[in-house]
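Any read-out appearing in this document is the output of simple, stated calculations on the displayed coordinates, not a laboratory observation. No experiment lies behind these values; they were computed from the predicted model shown. In this analysis, Cβ positions are derived from the backbone assuming ideal geometry, glycine residues included, and neighbour counts consider all displayed protein chains.
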Amino acid sequence: MAKIISVCNQKGGTGKTTTSVNLAYALASYGIKVLLVDMDPQGNSTSGVGVNKIALENTVYEVLLGKANPEQSIVKDVFPCLDLMPCNINLTGAEIELVGILSRETRLRKALEKVEKEYDYIFVDSPPSLGLLTLNALVACNSVLIPIQCEFYALEGVSQLLNTINLIRDNLNPKLEVEGVVLTMADFRTNLTHEVIDEINGYFSNKVYSSVIPRNVKLSEAPSFGKPIMLYDPHCIGAEKYKELSIELIGPEKYADLVGADPRENTHAIIKQEIGTFAEDREKGLDVVSDEDKKIVDKNDFNSDGVADAWPTVSEVDSTTEDLHLEEGDSGTWMTGEASIKQEVEEGSSYLEDNRDF
Ligand SMILES: Nc1ncnc2c1ncn2[C@@H]1O[C@H](COP(=O)(O)OP(=O)(O)O)[C@@H](O)[C@H]1O
Ligand SMILES: [Mg+2]
């Protein structure tokens, strides 16, 4: 049985889609079987994982209206371990068409019951409203993840969402829980961000994740390339923070079980995956690999703090065997994101302000 998490906030632009796509991808990258369900007619999760919204035969819309089986709508393996139940603008019609239909709030739940055995986690990205689509998402899930943007009026509408969750728990989904609250688009240079973080921690206390997602332009660029952030730019602060959030979500023990407690293991896995995509792109005749991107380190080059002395360069990637042919390393130090931030913080340098784009 899958754990089903709906990502909801009826406010627009709070990071629901960004959080759904990147958490789904992060978990899949650890080998967890994940289904991402796009319940927002804008279809941003669909295009965010590189699926063409126009060419779809069956989508969540057909599934909700009983015109297709859930299996028929699922796009398999958009990335390893990650499947997608996509949607497009047709889903707008569902809000109206569902009104006259029997058990209209439980349509998604019934559909997911048919496929959930295939998955460990299902993430449902929902639209910016509390209409029938969000209602379906809340009835179908075990828990709700609420992304809140660090801005003035951050809590506006949140009590309405919590009331809706309580109503659904009382009537349609007795086990419904709040999974957690994730703060997004934080700009730590402003007092407002710190005030909002304090306010939300006061309101939700232990439900707020300690990983706060900063404002990071890479996170807003990645969807236009159809890539989750861990593929688009695995070392940017946005990728690091979503990874941190994913570990909080599944628990550090589970993460250690899956990818090894050694930070080198996962860094290497990500780099290999990155190289895999480069190889695919290259096969398609796309010359997207810059020299900078080709730089790679072998996990054995790292010490246990995640720091490496050498920075070898990939001279060639064998796309069938994924063998990496390494040239002799550049001089200089290379380290995993965690290690580098730790070092910068210890040294008291203004690394975050200088080198990260907020
Ligand atoms: N942490 C972030 N930093 C910068 N831009 C972000 C961040 N999170 C989301 N965005 C961008 O903000 C916009 C709204 O985010 P999105 O995830 O689509 O919100 P929602 O799904 O709640 O409407 C999108 O253009 C997205 O790319
Ligand atoms: Mg969205």
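Cβ neighbours within 10 Å, averaged per peptide: list 106-116, 71-81 in order, most packed at the top. Walk me through the intermediate numbers first.
Details: 106-116: 19.3, 71-81: 16.6.
Ranking the peptides 106-116, 71-81 by packing returns 106-116, 71-81.
Just to be sure I understand the model, the point goes 7 Å from the Cα along the line to the Cβ. What's the resulting residue 189 to residue 110 distance in nm?
Modelled inter-label distance: 5.3 nm.
Taking the Cα centre of segment 9-159 as origin, sum charge times position over the Cβ atoms of Lys and Arg (+1) and Asp and Glu (-1), and report the length of that vector in debye to the nearest 20. Before the final figure, lay out each step's value.
Working: 12 positive and 17 negative charges, 31 e Å.
In debye, rounded to 20, segment 9-159 gives about 140.
At a Förster radius of 30 Å, what calculated FRET efficiency corresponds to the Cβ-Cβ distance of residue 95 and residue 163, to the nearest 0.05?
Values: r = 20 Å, r/R0 = 0.68.
Computed FRET efficiency for residue 95 and residue 163: 0.90.
Applying 1/(1 + (r/R0)^6) with R0 = 30 Å to the Cβ-Cβ distance of residue 76 and residue 201, what FRET efficiency is obtained, to the nearest 0.05? Mind dumping the intermediate values first?
On the way: r = 40 Å, r/R0 = 1.33.
Efficiency for this residue pair is about 0.15.
Exactly which GluC sites (Glu not before Pro) in segment 172-235 are in a DSSP loop and have at most 11 other Cβ atoms within 10 Å?
Details: sites: 177, 179, 195, 199, 221; in loops: none.
Within segment 172-235, no GluC sites (Glu not before Pro) qualify (loop, at most 11 other Cβ atoms within 10 Å).
Suppose the chain between residue 153 and residue 175 were pulled fully straight at 0.36 nm per residue; how much longer would it get relative to their current alpha carbon spacing?
Numbers: separation 22, 0.36 × 22 = 7.92 nm, distance 2.95 nm.
Net length gain for the segment: 5.0 nm.
Under unit Cβ charges (Lys, Arg +1; Asp, Glu -1), what dipole magnitude, rounded to 20 debye, does segment 3-258 have relative to its Cα centre? It would help to have the intermediate numbers written out before the result.
Working: 23 positive and 31 negative charges, 63 e Å.
About 300 debye.
Please work out how much length the chain gains when fully extended from residue 103 to residue 220, using 0.36 nm per residue of separation minus the C-alpha to C-alpha distance, in nm with one decimal. Don't jump to the answer; show the numbers that get you there.
Values: separation 117, 0.36 × 117 = 42.12 nm, distance 3.73 nm.
Extra length from residue 103 to residue 220 when fully extended: 38.4 nm.
Along Cα→Cβ, 7 Å out, is where each label goes; now give me the distance between the ones at residue 254 and residue 54 in nm to one decimal.
For the pair residue 254/residue 54, the computed spacing is 3.9 nm.
What number, in nm² with one decimal, is the all-direction average of the projected area of the convex hull of the alpha-carbon atoms of segment 3-258? Present the calculation step by step, with values, prior to reporting the outcome.
Values: hull surface 51.1 nm².
Mean projected area of the Cα convex hull: 12.8 nm².
Note down the Stokes-Einstein diffusion coefficient of segment 1-149 in µm²/s, whole number, using a Kirkwood radius over alpha carbon pairs, 20 °C, and 1.002 mPa s. Kindly include the intermediate steps, with their values, before the conclusion.
Details: Rh = 14.7 Å.
Roughly 146 µm²/s, to the nearest whole number.
Take the cross-link list 11/218; 117/243; 110/241; 53/175; 53/218; 117/207 and give me the ones stretching past 30 Å between alpha-carbons. Each step should come with its number before you reach the end.
Values: 11/218 22 Å; 117/243 25 Å; 110/241 34 Å; 53/175 33 Å; 53/218 22 Å; 117/207 28 Å.
As for pairs spanning more than 30 Å Cα to Cα, those are 110/241; 53/175.
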